[in-house]
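The values are calculated or read from the model by the stated rules, or taken from the named source; none is laboratory data. All of these numbers come straight from a predicted model, not from anything done at the bench. So basically every Cβ, Gly included, is an ideal-geometry build from the backbone, and we count neighbours across all protein chains shown. The area values use the complete protein model at the heavy-atom level, side chains included, leaving out ligands, DNA and RNA. Shrake-Rupley method; radii C 1.70, N 1.55, O 1.52, S 1.80 Å.
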Amino acid sequence: QILMCPEHEMERVNMYCEICRRPVCHLCKLGGCHANHRVTTMSTAYKTLKEKLSKDIEYLISKEGQVKAHITQLDLLVKETECNSERAKEEASQSFEKLYHVLEEKKSAAFRAIEASKNLRLEKLQMQVEEYQGLLENNGLVGYAQEVLKETDPSCFVQTAKQLHVRIQKATESLKSFRPAAETTFEDFVVDTAKQEEVLGNLTFHSNGIEIPEINEKQSRMYNKALISWECPGKTDSADIYVLEYHKVNREEESATWQEIEVCSKSKVVSDLDDDSSYAFRVRGYKGSICSPWSREVILRTPPAPVFSFLFDDKCGYNSEHLLLNPRRTSVESRAGFPLLLGSERMQVGCYTTLDYIIGDTGIAKGKHFWAFHVEAYSYLVKVGVVSSNRIQKLFHNTHDVTSPRYEQDSGHDSGSEDAFFDSSQPFTLVTLGMKKFFIPMTPAAPKDPVSRILPMPSCLGICLDCDKGKVGFYDAGRMKCLYECEVDCSGIMYPAFALMGGAAVHLEEDVTTKYGEYHDD
């Protein structure tokens with residue numbers, strides 16, 4: 001049969017395209033899709049392909065013994081697989097039989113306890129029935145008393161009636177305060193199987209070949225979203241996929257419903273979590289149908305309010321001679337530089353210092369918001385807080401040189417001047433950090449002992465501003481624990497405010513985005 005070109009039906013194929021490895025006609029080569037491809041004549045292609053096919057067939061014929069050996073080996077593997085599967089079924093059956101045996105024993109014990117309780121209650125109730133039947137006319141106690149009343153001999157009547165009267169009185173009191181001798185409900189015998197059902201629901205094949213993953217609490221963090229990272233102790237990735245589970249910790253609920261996420265990497269970003277809540281996380285590895293046990297649960301707490309994102313403002317009051325911003329405006333560093341050296345001629349007594357202020361580029365008009373940042377451990381003095389738009393001008397015009405740190409309100413030094421100025425003259429609400437310490441401001445509610453007002457500086461700090469309630473709180477952002485809270489005037493637009501003196505640096509906490517999950521392994 002003559003082979004025609006599929007693209008040009010009237011043309012015979014007379015060439016062979018070496019790129020596409022298919023016969024073509026001369027029109028395909030001239031202007032078709034094979035114009036720039038390398039082609040050869042059909043006779044040359046015929047000869048070349050025939051030689052290759054002959055050599056391949058000869059090679060397979062020469063390896064016939066090896067092929068038969070492989071077939072024999074595969075037949076043995078098929079039988080071995082069938083045998084091992086039957087053995088695995090038997091072992092699984094024995095494991096489930098043990099569970100059935102345990103459940104049957106528990107079931108029998110529960111039935112025995114219920115039956116024993118039933119018999120005891122019926123016995124008490126039957127005795128009570130007989131006791132009350134005796135109170136009926138012509139029956140039991142009443143009938144006996146009626147016979148005693150017929151006694152005419154006074155001495156015999158008195159001797160009998162004395163004890164009878166006591167019994168009649170007891171029966172009367174029992175009748176007035178009637179109470180069943182036993183409860184009819186069996187609420188104490190309800191079997192709680194919620195935890196066991198959860199365990200059985202997770203029942204699967206365990207293998208020592210898959211390591212138990214561990215959640216890395218240093219790399220995991222909670223901010224606008226939760227970033228959960230984990231690793232295997234042996235640093236080997238023996239699992240194909242991981243399953244991350246989490247649930248909201250609620251002390252009122254005994255059993256919680258775990259939410260499940262399948263992850264192919266060793267980290268995951270979890271979003272849509274409730275504010276001011278604690279969540280438990282755990283992870284396990286899977287390789288086929290085999291899984292590792294669950295990791296140890298780790299509990300992280302969400303911020304007390306939605307995360308507020310902003311950058312440092314490089315325009316409003318920014319002093320470029322004293323402060324250095326990174327290009328992204330997420331970090332600020334104070335530097336003394338030449339201005340301080342040029343002003344050193346004035347230094348005769350004490351020390352002349354300057355606070356350099358910087359604010360966020362976005363303000364808050366209403367609602368409740370939270371933001372976090374890091375203060376470098378080497379920082380000498382840093383003030384953090386909020387400032388109203390009505391007082392920003394006063395803030396930046398208050399940065400004059402002073403002769404002592406005692407002049408600075410809430411400078412962290414214990415002086416009487418702070419007590420008088422903190423509430424009345426502050427144009428803003430700030431707290432002091434420095435030398436790895438957090439200083440609680442001096443207020444009527446604060447401890448009188450200066451040592452009690454000094455706390456270790458957390459590695460990450462947070463500020464929660466509630467414009468609706470007029471309050472600002474300062475947090476240890478790592479544990480989401482409030483260290484200090486005070487009232488603040490929120491009549492204007494509120495801005496995050498920072499002040500630095502000497503060697504100091506502040507870095508804003510970055511939002512958790514999906515890129516953490518995508519590029520963590522790199």
ask   = Of everything in the stretch 14-69 that's out of contact with any Phe, Trp or Tyr (no Cβ under 7 Å at 6 or more places or on another chain) and of a type in the set (Gly, Ala, Ser), which residue is farthest from MET4 (Cα to Cα)?
value = ALA69
note = Note on LEU273: of the conditions (1) over 14 Å from the mean Cα position of the chain (by Cα); (2) open to solvent by less than 40 Å² (accessible area, probe 1.4 Å); (3) at pLDDT 90 or above, unmet is (1)
ask   = Any chance the stretch 302-317 includes a residue that's modelled with pLDDT under 85 and either outside any strand (DSSP E or B) or not assigned by the TED database to the domain that holds ILE241 (or both)?
value = yes
message = Considering only residues that are in contact (Cβ under 8 Å) with a residue 24 or more places away in the chain, surrounded by 10 or more Cβ atoms within 10 Å (Cβ to Cβ) and of a type outside the set (A, V, I, L, M, F, W, C), which ones fall in the stretch 161-199?
response = ARG167, SER174, PRO180, GLU183, LYS195, GLU198
message = Can you tell me which of (1) open to solvent by 20 Å² or more (accessible area, probe 1.4 Å); (2) modelled with pLDDT under 90 is the one MET501 doesn't meet?
response = (1)
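Determine, yes or no, whether SER334 is assigned by the TED database to the domain that holds HIS369 and of a type outside the set (D, E, K, R).
Judged against the criteria, SER334 is a match.
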query = From the residues in the stretch 218-255 that are open to solvent by 30 Å² or more (accessible area, probe 1.4 Å) and either of a type in the set (Gly, Ala, Ser) or not assigned by the TED database to the domain that holds SER289 (or both), which one is modelled with the highest pLDDT?
reply = GLY234
ask   = Before we move on, is ALA116 surrounded by fewer than 12 Cβ atoms within 10 Å (Cβ to Cβ) and either closer than 30 Å to ARG179 by Cβ or at pLDDT 90 or above (or both)?
value = yes
Residue list for the stretch 477-498, filter: among the hydroxyl-bearing types (Ser, Thr, Tyr) and modelled with pLDDT of 90 or more = TYR484, TYR495
